[in-house]
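These notes concern the structure reproduced below.
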Amino acid sequence: MVNETLVQGYIVALLVLANLPFINQRLFVLIPVVKAGQRKPFWFRLVEWFVLYAVGIGIGLYLEDQIGGIQHKPWEFWVVTLFMFATLASPGFIWQYQLKKQLVSAR
């Protein structure tokens, strides 16, 4: 049986990875790509998001291999994981593109 804490930790890690592109103005939290006070372009965020999706999938495949070997997955599985990752990214997206504007205009 798989440890529940491991599964919950993996989901929390995916939540953090999905929101990283939207909560800061640096590429992969390390590389500054815009000057202070400017916003990172959306396409930077999208590329970073896809790379972090691949990292999250890699972590999941590693964990699956450690538990008992990697099983074949049909294409539907990958589509579902992509959309689940997009759903997990919604808090960061809302913060960056909707809530932040309202907070600034309320001042």
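The single condition from (1) β-branched (Val, Ile, Thr); (2) in contact with a helix residue (DSSP H, G or I) (Cβ under 7 Å, 6 or more places away or on another chain); (3) free of Cβ contacts under 8 Å to residues at least 60 places away in the same chain that Val2 fails is (3). Filtering segment 57-101 to residues that are hydrophobic (A, V, I, L, M, F, W, C) and within 13 Å of Asn19 (Cα to Cα) leaves Met84, Phe85, Ala86, Leu88, Ala89, Phe93, Ile94, Trp95. Close contacts from segment 59-72, counting a first residue that is without any contact (Cβ under 8 Å) to a residue 40 or more places away in the chain and a second that is loosely packed, with under 10 Cβ neighbours inside 10 Å and outside any helix (DSSP H, G or I), with Cβ to Cβ under 8 Å and a gap of 6+ residues or different chains, come to Glu64/Gln71.
The residues in segment 34-50 that are closer than 21 Å to Val12 by Cβ and surrounded by fewer than 14 Cβ atoms within 10 Å (Cβ to Cβ) can be counted, and the count is 1. Summed over segment 51-83, the residues that are within 11 Å of Leu14 (Cα to Cα) and among the acidic types (Asp, Glu) give a count of 0.
Look at (1) on the phi < 0 side of the Ramachandran plot; (2) within 14 Å of the chain's Cα centre (by Cα); (3) surrounded by fewer than 13 Cβ atoms within 10 Å (Cβ to Cβ) and you find that Arg107 fails only one, number (2).
Every residue, every condition in (1) of a type in the set (Asp, Glu); (2) surrounded by 15 or more Cβ atoms within 10 Å (Cβ to Cβ), yes or no:
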residue: Leu17; (1), (2): no, yes
residue: Leu20; (1), (2): no, yes
residue: Gln25; (1), (2): no, yes
residue: Phe28; (1), (2): no, no
residue: Asp65; (1), (2): yes, no
residue: Ile70; (1), (2): no, no
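Among the residues that make up segment 43-65, is at least one of them in contact with an Asp or Glu (Cβ under 8 Å, 6 or more places away or on another chain) and modelled with pLDDT under 95? No: zero hits.
Checking each residue in segment 5-23 for being free of Cβ contacts under 8 Å to residues at least 40 places away in the same chain and either in contact with a Lys or Arg (Cβ under 8 Å, 6 or more places away or on another chain) or of a type in the set (Gly, Ala, Ser) (or both) picks out only Gly9.
The values are calculated or read from the model by the stated rules, or taken from the named source; none is laboratory data. All values derive from a computational prediction rather than experimental measurement. Backbone-built Cβ (ideal geometry, glycine too); neighbour counts: all protein chains shown.
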